[in-house]
Amino acid sequence: MTDRSPLEAVSPLDGRYARYTEPLVPYASEQALMRARTRVEIEYLVALADLPQTPLTIDRADREELRAVYEGFDGDDAALVKQIETEGYGEYPATNHDVKAIEYFVREHLPDGLDAAQWIHFALTSEDVNNLAHRLLVKPAVEEVLVPELREVRDALIEMAREYRDLPMLARTHGQPATPTTFGKELAVYASRLGRALGRIERATDEIAGKLAGASGTYAAHEAAYPDVDWRAFSRSFVRNLGLDHEPVTTQVNPCDDLAAVFDALRGANNVLLDLDLDVWLYVSDRYLGQETTEGETGSSTMPHKVNPIDFENSEGNLSKANSDLTFLADYVTKSRLQRDLSDSTVKRNVGAALAHCLIGYSKLQNGLGKVVPNEQVMADDLESTPEIVGEAVQTILRREGFDDAYEHVKKATRGRDVSMDDFSAMIDDLDVSEDVRAQLHALTPAGYTGVASELVDDVRE
């Protein structure tokens with residue numbers, strides 16, 4: 001097979017967006033899966049040698065040599081595994097079985113003098129190896145690639161929230177002018193939501209659990225060979241030594257509820273960011289936010305003046321695709337016919353694609369946030385042109401003073417009408433209230449009616 005140009009890639013993940021998805025290659029590629037499977041097979045072999053019941057002995061030097069096989073696993077090794085699977089190699093016929101190919105690959109790399117071929121993959125089923133290998137990839141892919149990117153998005157939101165904490169802005173509920181807020185406070189809402197979503201992701205990845213229990217989850221072959229070994233304790237120790245929780249009760253298949261929880265937690269974070277993408281897009285549309293231009297960049301093929309919010313649109317598209325994939329994966333991987341069927345095998349190969357769409361979405365959102373600049377004059381003009389929004393404050397203060405029908409009084413004077421601050425002043429002058437209250441009402445302005453919005457920025461948990 002010849003090397004193909006990224007322009008010939010079937011998926012944009014390996015073509016147009018390859019530079020964004022590169023950090024996931026060590027966790028999402030087929031080579032990465034081969035390396036993880038090799039690690040499981042070799043560590044299992046070493047663990048068997050540690051059992052006093054087996055005649056297998058592996059000294060320190062041989063252990064180091066074995067571990068170097070997966071630690072230094074490279075493209076040549078991956079090519080050899082693939083050759084064993086598809087064509088055969090030396091004494092090994094084509095396996096048409098990817099895990100069996102790993103077994104033969106490990107045999108080929110046994111240290112000289114170590115008679116251990118019959119112990120490789122001893123009493124295991126392929127799913128014992130696969131479920132552990134997949135989790136050894138998903139866990140760091142999320143923890144070391146996606147979570148840091150999400151934290152960068154959150155840090156950017158917190159920084160912007162603090163910078164613009166006092167910048168007043170007209171709010172809109174149901175798309176209509178509403179009680180003002182500050183731009184910083186609105187960004188703080190997203191930072192806070194994303195922080196909680198990150199907590200859910202971290203808890204889910206902490207609970208990723210692997211199984212090693214044989215063809216039907218009963219340790220039958222293990223027990224038949226060595227009934228005096230506590231295989232449940234062995235499995236628990238082995239899986240935990242790989243850095244995973246242990247799932248003790250399974251069929252041949254790990255039920256994958258743990259992976260579904262991770263996918264759902266990622267989807268939750270993506271939903272927060274999708275909401276942010278949509279809001280920022282609308283703020284750009286309303287000219288509340290301007291965008292710094294990039295030298296030489298084309299905004300529109302026909303309208304030279306345009307600076308389109310393409311990063312937020314791209315993020316929205318990729319996060320929507322990611323969520324579609326994550327929903328499908330979470331639903332699919334938790335199902336298996338009776339004790340095992342193979343339909344999930346091909347599906348799990350697409351986990352990396354879902355994570356890649358997440359990563360692109362996070363990267364594009366960060367790019368977009370780095371370009372937007374609040375248009376303070378537009379925000380101020382919008383506030384000044386909608387003085388009716390202080391009506392809420394007027395009627396609330398009047399309620400405090402025991403004014404009968406305060407809400408209806410203000411509603412009659414403002415609803416469905418173009419109202420100026422002079423109109424409010426005239427209405428306030430006609431009210432039967434104390435001069436102190438009248439002064440308080442006259443002091444109300446749209447820009448100053450933001451409550452404790454600026455202080456709420458400090459309530460975002462780090």
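The values are calculated or read from the model by the stated rules, or taken from the named source; none is laboratory data. Since the structure is predicted, the reported quantities are computational estimates derived from the model, not experimental observations. Neighbour counts run over all protein chains shown; Cβ positions are idealised from the backbone, glycine included. Side chains are part of the model used for accessible areas, which takes the heavy atoms of the whole protein and leaves out ligands, DNA and RNA. Shrake-Rupley method; radii C 1.70, N 1.55, O 1.52, S 1.80 Å.
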Run down Gly290, Gly317, Gly296 and say which single residue is at pLDDT 85 or above, more than 30 Å from Ala215 (Cα to Cα) and not in a helix (DSSP H, G or I).
Gly290
Given the criteria farther than 30 Å from Thr250 by Cα and not aliphatic (A, V, I, L, M), does Glu87 qualify?
yes
If you take the residues in segment 66-112 that are over 17 Å from Val46 (Cβ atoms) and of a type in the set (A, V, I, L, M, F, W, C), which one is farthest from the chain's Cα centre (by Cα)?
Ala94
Answer yes or no as to whether Ala101 is open to solvent by less than 30 Å² (accessible area, probe 1.4 Å) and either touching a strand residue (DSSP E or B) at 6+ places or on another chain (Cβ under 6 Å) or at pLDDT 95 or above (or both).
yes
So, in segment 37-48, how many residues would count as being hydrophobic (A, V, I, L, M, F, W, C) and in contact with a Phe, Trp or Tyr (Cβ under 8 Å, 6 or more places away or on another chain)?
4
Give just the number: which of (1) of a type outside the set (Phe, Trp, Tyr); (2) buried (at least 20 other Cβ atoms within 10 Å of the Cβ); (3) closer than 24 Å to Asn241 by Cα does Leu194 not satisfy?
(3)
Can you name the residue in segment 23-47 that is among the hydroxyl-bearing types (Ser, Thr, Tyr) and assigned to a helix (DSSP H, G or I) and, of all such residues, is most open to solvent (accessible area, probe 1.4 Å)?
Tyr27
State the number of residues belonging to segment 206-236 that are open to solvent by less than 40 Å² (accessible area, probe 1.4 Å), over 23 Å from Leu338 (Cβ atoms) and under 33 Å from the mean Cα position of the chain (by Cα).
1
For residues that are outside any helix (DSSP H, G or I), out of contact with any Phe, Trp or Tyr (no Cβ under 8 Å at 6 or more places or on another chain) and in contact (Cβ under 8 Å) with a residue 24 or more places away in the chain, scanning just segment 373-395, find the one that is most open to solvent (accessible area, probe 1.4 Å).
Val373
What pairs come out if I take residues in segment 228-243 that are free of Cβ contacts under 8 Å to residues at least 40 places away in the same chain and pair them with residues that are basic (Lys, Arg) whose C-beta lies under 9 Å away, six or more apart or interchain?
Ser235/Lys211
Among the helices (runs of 4 or more DSSP H) confined wholly to segment 137-242, which include 3 or more residues that are touching a Lys or Arg at 6+ places or on another chain (Cβ under 8 Å)?
183-206
Can you tell which of Thr386, Thr414, Thr396 is touching a Gly at 6+ places or on another chain (Cβ under 7 Å), within 24 Å of Leu170 (Cβ to Cβ) and of a type outside the set (Asp, Glu)?
Thr414
Exactly one of Tyr20, Tyr92 is touching a residue at least 12 places away in the same chain (Cβ under 8 Å), more than 21 Å from Asn350 (Cα to Cα) and either in contact with a helix residue (DSSP H, G or I) (Cβ under 9 Å, 6 or more places away or on another chain) or open to solvent by 40 Å² or more (accessible area, probe 1.4 Å) (or both), and that residue is Tyr92
Contact list please: Cβ distance under 7 Å, first residue in segment 422-433 and of a type outside the set (Phe, Trp, Tyr), second residue open to solvent by 40 Å² or more (accessible area, probe 1.4 Å) and modelled with pLDDT of 85 or more, pairs at least six apart or on different chains.
Ser425/His442; Ile428/His442; Val433/Glu401
For the condition in contact with a helix residue (DSSP H, G or I) (Cβ under 9 Å, 6 or more places away or on another chain) and surrounded by 18 or more Cβ atoms within 10 Å (Cβ to Cβ), what is the one hit in Ser324, Ser320, Ser343, Ser336?
Ser336
In segment 72-89, residue least open to solvent (accessible area, probe 1.4 Å) [restricted to those that are within 9 Å of Arg35 (Cβ to Cβ) and in a helix (DSSP H, G or I)]
Ala78
